[in-house]
Amino acid sequence: MLVNIYLLKTHCLFLMNLKKLTLFALFVSLMLPILVVGAQEDLFTYQDRINTSNSVFFMNSMEEGDYIQVSLSAGGEGIFGVFLFHERPMETYVNFDRSIDPQIYDKAIAYEIGSVNFIEYTANASKIYYLQIILIEKGPDFYFIQCNRELSRYYLPLIPGYPLEILVFSSIFAIGMAYIMVKRRAKTLLVKL
């Protein structure tokens, strides 16, 4: 009888230790992926869909000696152009007939064209660098970017061909008409008093 109680007690201790060991193994196995992911180098990733001859811009501030590695791959069969500039681009370098303006090759400090693109560049001055992605043909298509540095979306301040003059004229005209109507309304209210 005493031996049975001892065996039962030993068996219960073994099961309790087995439960603790199982919980510990489960905890370690759940934490292991977090530790492995935390140990990897941070990569900026971005994906989006773009139409043929459309552009997307990104920017990044780099100090002298910093380097940037950009990898772009097409989701389908699209042919992309990836261009890196050290000055702020003021136009898309895409002509109205959807062809690429040859000036872009002179302005870009690094570029590559294809369905899989890779650019690597070391900054020779501390400034903001701009990245332009153009879907040249076989679109619309998705693109996937991986970069060793954080990129921010950049939007051109003026889009060529946008009727800015008409917008300014319309705004001035609307404000002028509102001013005249308020003056007339105030004048009629004074006359009634």
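Every read-out reported here was derived from the displayed coordinates using simple, explicitly stated rules and does not represent laboratory data. Quantities reported herein were computed from a predicted structural model and do not represent experimental measurements. Cβ placement follows ideal geometry from the backbone for every residue including glycine, while neighbour counts extend to all protein chains displayed.
Could you please rank ASP106, ASP141, placing first whichever residue has the fewest other Cβ atoms within 10 Å of its Cβ? Mind showing how you got there, number by number?
Numbers: ASP106 7, ASP141 19.
Neighbour counts put them in this order, fewest first: ASP106, ASP141.
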> When THR45, THR92, THR52 are ordered from fewest to most other Cβ atoms inside 10 Å of their Cβ, what list results?
Replying inline: THR45, THR52, THR92
> Suppose every K and R has +1 on its Cβ and every D and E has -1 on its Cβ; what is the size of the dipole of the stretch 44-94 about the Cα centre, in Debye to the nearest 20?
Replying inline: 240 debye
>> If neighbour count is taken as other Cβ atoms inside 10 Å, put SER126, SER55 in order from fewest to most.
In response: SER126, SER55
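Report the relative contact order of the stretch 80-193, percent, no decimals, based on alpha-carbon pairs under 8 angstrom and at least 6 residues apart.
Working: 90 pairs, mean separation 36.7, N = 114.
Once normalised by length, the contact order is 32 percent.
Which semi-axis lengths, in whole Å and largest first, follow from the square roots of five times the eigenvalues of the Cα gyration tensor of the stretch 69-193? Each step should come with its number before you reach the end.
Details: eigenvalues 450, 60, 40 Å².
In descending order, the three semi-axes are 47, 17, 14 Å.
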> Whose amide H sits under 5 Å from the amide H of GLY75, counting only residues 5 or more places off or on another chain, with H placed in the peptide plane?
Replying inline: PHE142, TYR143, PHE144
> Given charges of +1 on the Cβ of Lys and Arg and -1 on the Cβ of Asp and Glu, with all other atoms neutral, how large is the dipole of the stretch 96-161 about its Cα centre, in debye to the nearest 20?
Replying inline: 220 debye
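Just subtract the alpha-carbon distance of TYR46 and ILE180 from 0.36 nm times their residue separation and send over the number in nm, one decimal.
Taking 0.36 nm per residue and subtracting the Cα distance, the gain is 43.2 nm.
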